[in-house]
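Visitor: Once you've had a glance at the structure underneath, I'll fire off some questions.
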Amino acid sequence: MTEPPYHLPVLASELLGLVGERQRVVDGTLGDGGHARLFLDRGARVLGFDRDPEAIRRAVTRLASDRLDARQASVYSPESLLAVRAFRPDLILLDLGVSSRQLDDESLGFSFRPGVPLDMRMAREGRPAADLLNSADAGKLTRIFRDFADERRARRLAAELVRRRATARFETSDDLVRAIRAALGPRSGPADFARIFQAVRIAVNDELGGLAEALPGFLEALEPGGALAVMSYHSGEDRLVKNALREWGATCVCPPKTLRCACRGRPLGRILTKKPVGPTADEIAANPRARSVRLRVFEKARDEPQG
Ligand SMILES: C[S@@+](CC[C@H](N)C(=O)[O-])C[C@H]1O[C@@H](n2cnc3c(N)ncnc32)[C@H](O)[C@@H]1O
C-alpha cells in the first residue's frame, strides 16, 4: 500500500526559524515523521522515538534514511534518556499528544465518534481507558476531569460515572458521551466531549507526570547551545513547560526572602520564545487540529555552569 504524501507538520516554518540549523536532532514524538523529515532534508541525524509501534513502522518506511535511528519507546523512559544523552543532541523536539492518524484510527479508541472502544493507550500496553473508568474511585475521576479538563462540574461527572458503572461497564465512546451529557446537561457537545476524552487519554498514558519528570534530564542531555523545543496542545502541559523554562532561564532561584543568593546564581540558558508561538489563521484553516498548539523553545547556555 502506498503511504499518503507528507503534509506540512505543525508550526514548521516557525520551528525551523528558531532552531533549523541544528544537526543532531532527537525527535521524541516521531508520529508521522513530518518534523523529522524537515531535519533529515537539512542533512541532520535524527534519533526518533514513539510509543506507538505503528508510528515507528510507518516513519521508518516513509523517511527511509540511514541518518534516522527510530525506536519504539516512551522518550520519557530511563532507557530512552540514556540513549538521548549518548546521542549528544543539539536539539530535542517534543510535539506532544496524539497524531491525526491515531485520532482517525478508531481501533486505538481516542475518538468520541460513536461505537469506538475506550482504549486510548499510545503504546498498546498497560490498562485501557475502560479499565480506568470502571475502577478508579470518585476522587481520582474528579481530579482527572478537574485537573486535565478544567471541568468545573468534575465531581458531578465523576459521580455520574460511578452511578452508571454500577449497572453497566463502560466499554465504548457512547457510554462516556452519555455520562458527559447526563452530568453536563443537554447543551454539552463536541467541544466538551473532546476536552473530557483528552483528559482521560492524558491519565491513561500518564502524559503530564512523564513530561514533568523528563524535562530536567532533557536539558542536561543537550549539548551547550542546544535547544529544547516543545509543542503542547493542552493548557496543563503548556503550563508545565512554561514554568520549567522560566526557572531554567532565571538568574536566581533562591526562595524570595533569602538574604544572600545560595543557588546556582546564573541562568542555565535563555528562552527563545518570549511568548509561546501559536498557529496562524492559515495553518488553522489547513489543519484545524493545530488550533491549540503552543511552541516554547529554550536554548541551553553555551558555557556550562560551574559545579
Ligand atoms: C502530534 S504527534 C507527532 C507528529 C510528528 N511531529 C509529525 O510531524 O508527524 C505525537 C506523537 O507522539 C507520540 N508520543 C506521545 N507521547 C510520547 C512519549 N512520551 N514518547 C514517545 N512518543 C510519544 C504519539 O504516539 C504520537 O505518535
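The values are calculated or read from the model by the stated rules, or taken from the named source; none is laboratory data. Because the structure is a prediction, the values reported are computed rather than measured. Cβ atoms come from the backbone with ideal geometry, glycine included; neighbour counts cover every protein chain shown. Side chains included, ligands, DNA and RNA excluded: accessible areas come from the protein's heavy atoms. Shrake-Rupley method; radii C 1.70, N 1.55, O 1.52, S 1.80 Å.
Visitor: All but one of (1) more than 27 Å from MET120 (Cα to Cα); (2) more than 10 Å from the ligand (Cβ to nearest atom); (3) assigned to a helix (DSSP H, G or I) hold for PRO89; state the number of the condition that does not hold.
Guide: In the conditions (1) more than 27 Å from MET120 (Cα to Cα); (2) more than 10 Å from the ligand (Cβ to nearest atom); (3) assigned to a helix (DSSP H, G or I), PRO89 misses (3) alone.
Visitor: In segment 8-18, what residues are more than 6 Å from the ligand (Cβ to nearest atom) and within 18 Å of the chain's Cα centre (by Cα)?
Guide: Result: VAL10, LEU11, ALA12, LEU15.
Visitor: With the requirement that a residue be under 21 Å from the mean Cα position of the chain (by Cα), charged (D, E, K, R) and not in a helix (DSSP H, G or I), what does segment 122-154 give you?
Guide: ARG124, GLU125, ARG127, ASP150, GLU151, listed by residue number.
Visitor: Here's another thing I want to ask about it. Look through GLY115, GLY97 and report the one residue that is touching a residue at least 24 places away in the same chain (Cβ under 8 Å) and either within 16 Å of the ligand (Cβ to nearest atom) or not in a loop (DSSP other than H, G, I, E, B) (or both).
Guide: GLY97 is the lone residue from the list that is touching a residue at least 24 places away in the same chain (Cβ under 8 Å) and either within 16 Å of the ligand (Cβ to nearest atom) or not in a loop (DSSP other than H, G, I, E, B) (or both).
Visitor: Could I ask something else about it? Test of understanding: among LEU103, LEU82, which residue is without any contact (Cβ under 8 Å) to a residue 24 or more places away in the chain, more than 9 Å from the ligand (Cβ to nearest atom) and open to solvent by 40 Å² or more (accessible area, probe 1.4 Å)?
Guide: LEU82
Visitor: Which residues, counting only those in segment 22-63, are more than 9 Å from the ligand (Cβ to nearest atom), under 17 Å from VAL230 (Cα atoms) and among the charged types (D, E, K, R)?
Guide: ARG22, ARG24
Visitor: Moving on to the next point. For residues that are open to solvent by 10 Å² or more (accessible area, probe 1.4 Å), in a loop (DSSP other than H, G, I, E, B) and among the hydrophobic types (A, V, I, L, M, F, W, C), tally how many sit in segment 15-61.
Guide: 0
Visitor: Within 24 Å of LEU211 (Cα to Cα), assigned by TED's automatic domain parsing to the domain that holds THR167 and buried (at least 17 other Cβ atoms within 10 Å of the Cβ), is that true of LEU141?
Guide: Yes, satisfied.
Visitor: With respect to SER235, determine if the residue is in contact with a Ser or Thr (Cβ under 9 Å, 6 or more places away or on another chain) and within 16 Å of the ligand (Cβ to nearest atom).
Guide: no
Visitor: Tell me whether segment 260-278 contains one or more residues that are without any contact (Cβ under 8 Å) to a residue 12 or more places away in the chain and within 23 Å of the chain's Cα centre (by Cα).
Guide: Yes, the conditions are met somewhere in segment 260-278.
Visitor: State all residues of segment 19-52 that are over 17 Å from the mean Cα position of the chain (by Cα) and of a type outside the set (A, V, I, L, M); if no residue qualifies, say none.
Guide: GLY20, GLU21, ARG22, GLN23, ARG24, ARG37, PHE39, ASP41, ARG42, GLY43, ARG45
Visitor: Sort through LEU228, LEU245 and tell me the only one that's within 20 Å of HIS35 (Cα to Cα), open to solvent by less than 10 Å² (accessible area, probe 1.4 Å), touching a Phe, Trp or Tyr at 6+ places or on another chain (Cβ under 9 Å) and of a type in the set (A, V, I, L, M).
Guide: Of the residues listed, the single one that is within 20 Å of HIS35 (Cα to Cα), open to solvent by less than 10 Å² (accessible area, probe 1.4 Å), touching a Phe, Trp or Tyr at 6+ places or on another chain (Cβ under 9 Å) and of a type in the set (A, V, I, L, M) is LEU228.
Visitor: Taking the residues in segment 284-307 that are modelled with pLDDT of 95 or more and open to solvent by less than 50 Å² (accessible area, probe 1.4 Å) as candidates, determine which candidate is farthest from ALA221 (Cα to Cα).
Guide: Per the stated criteria, the residue is VAL293.
Visitor: Any idea which of (1) in the same structural domain as ARG143 (by TED's automatic domain parsing); (2) free of Cβ contacts under 8 Å to residues at least 40 places away in the same chain is the one ALA199 doesn't satisfy?
Guide: Against the list (1) in the same structural domain as ARG143 (by TED's automatic domain parsing); (2) free of Cβ contacts under 8 Å to residues at least 40 places away in the same chain, ALA199 comes up short only on (2).
Visitor: Look through LEU208, LEU184, LEU219, LEU176 and report the one residue that is under 26 Å from GLU125 (Cβ atoms), of a type in the set (A, V, I, L, M) and surrounded by fewer than 22 Cβ atoms within 10 Å (Cβ to Cβ).
Guide: LEU208
Visitor: While we're on this one: Determine which single condition GLU171 fails, assuming it passes every other condition in (1) surrounded by fewer than 21 Cβ atoms within 10 Å (Cβ to Cβ); (2) outside the structural domain of ARG156 (by TED's automatic domain parsing).
Guide: (2)
Visitor: Determine the pairs where a residue that is of a type in the set (S, T, N, Q) and at pLDDT below 95, located within segment 232-252, has a partner that is within 14 Å of the ligand (Cβ to nearest atom) and not in a helix (DSSP H, G or I) with Cβ atoms under 9 Å apart, the partner being 6 or more residues away or on another chain.
Guide: Qualifying pairs under 9 Å: SER235/SER292; SER235/ARG294.
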